[in-house]
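**Student:** This is the structure I want to talk about, given as structure tokens.
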Amino acid sequence: MSDSFATSVLSLEPGNMVGGYTLVSHLGGGAMGTVWTVRDSAGQLFAMKILRDSLATDPQEKEREQQARERLHREALALTKVRHPNVTAIVDMELDDRLAFIVTELIEGDNLRDDVNRNGAYTGE
């Protein structure tokens, strides 16, 4: 599937192309979007968050989509300002395309849900 045919976040599958990246595997998702491991043309792996509401059609959905795009844009701007070894860096983003996304470094390790299930809830000040 080429970039131009990737029309629904719900129908994406490994091997599809989004923004010049090949989807490798689905990592998870939440209210705002889905996260995939992706590969660039040089073979390097990254994480891609794809906005769930990128393809809204009715007016109420379009308004919700615009709000979600604005949240994704704020997230992307915040991540570009943070330089810390414990925060993944943004390597690419497309916020105005049919499928809006952010591409970050891919950090290997446990996901938060599995870690909390194994070790208990995080606490702190």
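The values are calculated or read from the model by the stated rules, or taken from the named source; none is laboratory data. The structure displayed is predicted, hence computed values, not measured ones. Note that we place each Cβ from the backbone using ideal geometry, even for glycine, and neighbour counts take in every protein chain shown. Surface accessibility is based on the protein's heavy atoms, side chains included, excluding ligands, DNA and RNA. Shrake-Rupley method; radii C 1.70, N 1.55, O 1.52, S 1.80 Å.
**Student:** Solvent-accessible area per residue for region 78-125 at a 1.4 Å probe radius, Å²? Provide the component values of the computation, followed by the final result.
**Tutor:** On the way: 3880 Å² over 48 residues.
Counting only protein heavy atoms, the per-residue value for region 78-125 is 81 Å².
**Student:** Rounded to the nearest percent, how much of the accessible area of the chain (1.4 Å probe, protein heavy atoms only) is carbon and sulfur?
**Tutor:** On the way: 4110 of 8180 Å².
Carbon with sulfur: 50 percent of the solvent-accessible area.
**Student:** At 20 °C and 1.002 mPa s, grab the translational diffusion coefficient of the chain from Stokes-Einstein with a Kirkwood Rh over Cα pairs, rounded to a whole number in µm² per second. Intermediate results must be reported in sequence, preceding the final value.
**Tutor:** Numbers: Rh = 15.5 Å.
In µm²/s, the coefficient rounds to 138.
**Student:** At Leu77 and Glu108, where each label point lies 7 Å from the Cα along Cα→Cβ, what is the point-to-point distance in nanometres?
**Tutor:** 3.6 nm
**Student:** Test of understanding: what is the full-extension gain from Ser11 to Ala121, defined as 0.36 nm times their sequence separation minus their Cα-Cα distance? Don't skip to the answer; put the middle values down first.
**Tutor:** Values: separation 110, 0.36 × 110 = 39.60 nm, distance 3.34 nm.
Here the answer is 36.3 nm.
**Student:** While we're on this one: Report the residue, chosen from Ala42, Ala68, Ala78, that carries the largest GNM mean-square fluctuation when the chain is represented by alpha-carbon nodes joined by springs under 10 Å.
**Tutor:** For the chain, modelled as a Gaussian network with Cα springs under 10 Å, the answer is Ala42.
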